[in-house]
Amino acid sequence: MKLRWDHPLWRRHAPAVARRLVQAYLLTCPCELVAAPEVKRLMASGPPVIFTTWHCHLLSPLFTARQFRGSQLPMVLMASPSRDGEFIAQVARGLGFIVLSGSRRKGGVQTLRRMADWFRRGYSCGLI
């Protein structure tokens, strides 16, 4: 049996494997928040913030930012509704993020409105 990337078995199990690999990798990375004192105070004080990052720097900065914010509410992320975006969303959900699906062409405005509702309730948000 040839196992293709779009095979249902692969799509079902790969996010869990990827999540474990990301967790293992992040445990090996020392974290230090190098920022102005004002930024450190803002991060520690608790008001929600909005994070953005490029796809190539996906989970590490968001995971690190969440670590510096302590055990506060989980972050809400917006991911693409594409097959790749859904894979990333499954990994992010496994890491404790809340993921909303939307893009410029597929429900992005509605997703941003939902994200704004989460933000008003005190959740930090991220665009990935």
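Each value in this text was obtained by applying a stated rule to the coordinates, not by laboratory testing. Because the structure is a prediction, the values reported are computed rather than measured. No Cβ is skipped: glycine too gets one built from the backbone with ideal geometry, and neighbour counts run over all protein chains shown.
Can you give the FRET efficiency for ARG114 and VAL49, using 1/(1 + (r/R0)^6), R0 = 22 Å, r = Cβ-Cβ distance, to the nearest 0.05?
Details: r = 18 Å, r/R0 = 0.81.
For R0 = 22 Å, the calculated efficiency reads 0.80.
According to the square roots a ≥ b ≥ c of the eigenvalues of the Cα gyration tensor, what is the shape class of segment 8-127, taking rounded for a/c under 1.5, prolate for a/b larger than b/c otherwise, and oblate for the remainder? Walk me through the numbers on the way to the answer.
Details: a/c = 2.16, a/b = 1.20, b/c = 1.80.
Here segment 8-127 falls in the oblate category.
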